[in-house]
Amino acid sequence: MRSYLEMTGICKTYEIYGTQIKALDQANIQVKKGTVHGLLGENGAGKSTLMKILAGIEKKDAGTIYFKGQEVELNNASQAAALGIGMVHQHFSLIDEFTVEENVVLGIEPTSFLGVINTKQMRENVAKVAEKCGFELDLEAKVGSLSMGQRQKVEILRVLYSDPELLIFDEPTSVLVDQEIESLLKVISLLKSQGKTIIYISHKVEEILKITDEVTVLRAGKTVETGATNKLSAEKLVHMMVGKYIPLEVPKELQKAGKVLLEVRNLNVRKGMVKAVNNVSFELRAGEIVAVAGINGNGQQEMVEAILGFRKPESGQIFLGDKEITSLTPRERRQMGLCYVPEDRIQVGSCSTANLAENIVVDRYFKAPLARRGWLNLKTMHDQAREMITKYNIKATRTDCLVGTLSGGHIQRTIIAREISADPKILIACEITMGLDVESARYVYDVLLEMRKMQKVVLLLSSNINEVMSLADRVLVIHEGKIVAHLTGKEGFSKEEIGEYMLGLKRQNGIKLEVS
Ligand SMILES: Nc1ncnc2c1ncn2[C@@H]1O[C@H](COP(=O)(O)OP(=O)(O)OP(=O)(O)O)[C@@H](O)[C@H]1O
Ligand SMILES: [Mg+2]
């Protein structure tokens, strides 16, 4: 008897300028009906590609797919959808100008017999699905105005709306905070209890142990292991994912903070009618990692954009060392050592349609050694990119491959390579390990700790509370645009406490922002 879903001997090779990239090499997966099946593997292992083939988005070169005992050919997404297969993608594909509900029903809008969209019906249907998931979303808001976490929910709603029986989630929690992850995991349990089957891609060990029944591990396009989750420990799981044991704790030595490198004084930022940042002041000192904890959409993004010069503050001042930078351009600030890993790596952090080398030199092409008498030295550009590929272990065969063809984790590595190689004094890191496999995330932690040791400073914006707990010397909690708590290592802080401040359930009295 065949399993509910069987993909056997799946091969897929991409070609870039004559170079062959074998994404899948005889990959297999067998999924039982009504289970949650984890699909794991390091960055670039082929997870997204295998699932895109199942969702009819990519075409396999070889192999067979059996769904419910029948061999199926999936030549396009509508064929897969007609069979009841739906996929929540790793990267968003929403239309900014459309509202939440318009995005959710796009292509399958409820219409009257004359073909007119039945708005009332549409609203009711979407609201019902949102309610079932416990997602709080303004259905009439334009997607362009939403935070990454909210967009992720729209993507999920879009797939749930057509009620598929097999659902694929490709790293659905990377931009969600703890509480939101909990609610998504509940939705998945609920879907499972309704008899649906789920394939779940994630790099997060805790989640995999919590919700999956079985796992399949890919490495370099091949299936290397498969088995029941209840026989696995966290260590074993990490070993399966990256092929080696990686210590899960992060070693951090105690050290005293040095002089002030960045100061924000009474910053106010308006976004449309809303006061996104409300009188925020803090300072960052050399040799520190300071985390900003907050639920997506509480002003942290606008605050970061004002510090970087992408957004004009309504009032307030920003200093780098003792120089005021409030009216400098982003490039001038960058030249002074202020670098940035943005949360949105596709639309802000990189340019998918430019190649890897161009993405790396975008902040330095106008300076020596890249520019000579106004001309860009292409050889130096590609040499530098090749160096980055080796140093940061980017899985790319050529320096002229488009960044859009890299796997999610390798796009992130490319951005990190550019920012770190700019030798920042201050790094603003937003969800910096999002989408990275366990080994790469560990590498990034080492890089951040090294910056700290070298008396630089990292402002860490992260929804991953474990990351905050293991890296941060201090935590600033932001809620509705205000700093509501300042937690320092000396007093100690717990996950629960941070959570309460983030949700606005608690607020510190007389917040002290100076560091002794
Ligand atoms: N459209 C494409 N063109 C060329 N190469 C591609 C394309 N899509 C994926 N690849 C390559 O196929 C390989 C597998 O990529 P895939 O996105 O499936 O990895 P992944 O396991 O999902 O990784 P991650 O955890 O980083 O998301 C990578 O080397 C990637 O660069
Ligand atoms: Mg992927």
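Given points 7 Å out from each Cα along the Cα-Cβ axis, report the Ser281 to Met336 separation in nanometres with one decimal.
1.9 nm
Suppose only helical runs count, i.e. DSSP H with n ≥ 4. What mean residue ellipticity at 222 nm does that imply for the chain under -39500 (n - 2.57) per run, divided by all residues and rounded to the nearest 500 deg cm²/dmol?
Result for the chain, helices only: -9000 deg cm²/dmol.
So for the pair Val224, Leu378, with labels modelled 7 Å out along Cα→Cβ, what separation do we get in nm?
According to this spin-label approximation, the distance is 3.8 nm.
Rounded to the nearest 0.05, what FRET efficiency do Lys204 and Leu114 have when you use their Cβ-Cβ distance and R0 = 56 Å?
Working from the Cβ atoms, E equals 0.70.
Over the chain, what is the relative contact order in whole percent, taking alpha-carbon pairs under 8 Å and six or more residues apart?
So the answer I get is 15 percent.
Below 10 angstrom from the Cβ of Ile465, what's the summed charge of the other residues (Lys, Arg +1; Asp, Glu -1)?
Summing Lys and Arg as +1 and Asp and Glu as -1 gives -2.
What is the Å³ per residue value for the convex hull set by the Cα atoms of the stretch 5-242? Walk me through the intermediate numbers first.
Values: hull volume 33.4 nm³, N = 238.
Convex hull volume per residue, Cα atoms: 140 Å³.
Starting from 0 in steps of 20 Å, tell me what percent of the Cα-Cα pairs of the chain lands in each bin.
21, 55, 24, 1
In the chain, once you exclude exposed GluC sites (Glu not before Pro) (DSSP loop, at most 11 other Cβ within 10 angstrom), what's the longest stretch remaining?
Excluding the exposed sites themselves, the longest stretch runs over 254-490.
At most 16 other Cβ atoms within 10 Å plus a DSSP loop assignment makes a site exposed; report the longest stretch of the chain without any exposed chymotrypsin sites (Phe, Trp or Tyr not before Pro).
The longest uninterrupted stretch comes out as 367-516.
Given +1 on the Cβ of Lys and Arg, -1 on the Cβ of Asp and Glu, and no further charges, what dipole in debye does the stretch 90-235 carry about its Cα centre, rounded to the nearest 20?
For the stretch 90-235, the charge dipole is close to 320 debye.
Just the number, please: Stokes-Einstein D of the stretch 352-423 in µm²/s, Kirkwood Rh from C-alpha pairs, 20 °C, 1.002 mPa s.
Translational D for this selection: 178 µm²/s.
How big is the dipole moment of the stretch 352-423 about its Cα centre under a simple scheme where the beta carbon of each Lys and Arg is +1, that of each Asp and Glu is -1, and everything else is neutral? Debye, nearest 20, please.
Here the stretch 352-423 has a charge dipole of around 180 debye.
What list of ³J(HN,Hα) couplings, whole Hz, do you get for the stretch 250-265 from phi and the Karplus terms 6.51, -1.76, 1.60, once you set θ to phi - 60° and write x for glycine and proline?
Listing the rounded values in order: 9, x, 9, 8, 6, 7, 7, 6, x, 6, 5, 9, 9, 10, 10, 10 Hz.
Figure the gain on full extension for Ile246 and Lys391 (residue separation times 0.36 nm, minus the Cα-Cα span) and round it to one decimal in nm.
So the extension gain works out to 50.3 nm.
Could you work out the local net charge near Thr326, counting Lys and Arg as +1, Asp and Glu as -1, over the other residues with Cβ closer than 14 Å to its Cβ?
-1
Classify the stretch 299-375 as rounded, prolate or oblate, taking a ≥ b ≥ c as the square roots of the eigenvalues of its Cα gyration tensor: rounded when a/c is under 1.5, otherwise prolate if a/b is larger than b/c and oblate if not.
In terms of gyration-tensor shape, oblate.
Distance in nm between label sites at Asp423 and Ala234, each 7 Å beyond Cα in the beta-carbon direction?
Modelled inter-label distance: 3.8 nm.
Please work out the FRET efficiency for the pair Thr13 and Glu314, using the Cβ-Cβ distance as r and a Förster radius of 30 Å; give the result to the nearest 0.05. List each step's numbers first, then the result.
Working: r = 53 Å, r/R0 = 1.78.
The calculated FRET efficiency here is 0.05.
In the structure displayed, which of Lys192/Lys231; Lys256/Lys456; Lys323/Lys506; Lys33/Lys132; Lys12/Lys196 lie more than 24 Å apart, Cα to Cα?
Correct reply: Lys323/Lys506; Lys12/Lys196.
DSSP H helices in the chain with Cα extent of 18 Å or more along the helix axis and mean Kyte-Doolittle hydropathy at least -1.0?
Span-like helices here: 119-133, 148-161, 178-193, 378-391, 408-421, 438-453.
Relative to the present Cα-Cα distance, how much length would full extension add between Ser327 and Lys22 at 0.36 nm per residue of separation?
Taking 0.36 nm per residue and subtracting the Cα distance, the gain is 104.9 nm.
Restricting to DSSP loop positions (anything but H, G, I, E, B) with no more than 12 other Cβ atoms inside 10 Å of their own Cβ, which trypsin sites (Lys or Arg not before Pro) remain in the stretch 333-394?
Values: sites: Arg333, Arg334, Arg345, Arg364, Lys367, Arg372, Arg373, Lys379, Arg386, Lys391; in loops: Arg364, Lys367, Arg373.
Answer by residue number: Lys367, Arg373.
Values in this text are rule-based calculations from the coordinates and carry no lab data. Computed from a predicted structure; not experimentally measured. Counting neighbours? That spans all protein chains shown, and the Cβs are built from the backbone with ideal geometry, glycine included.
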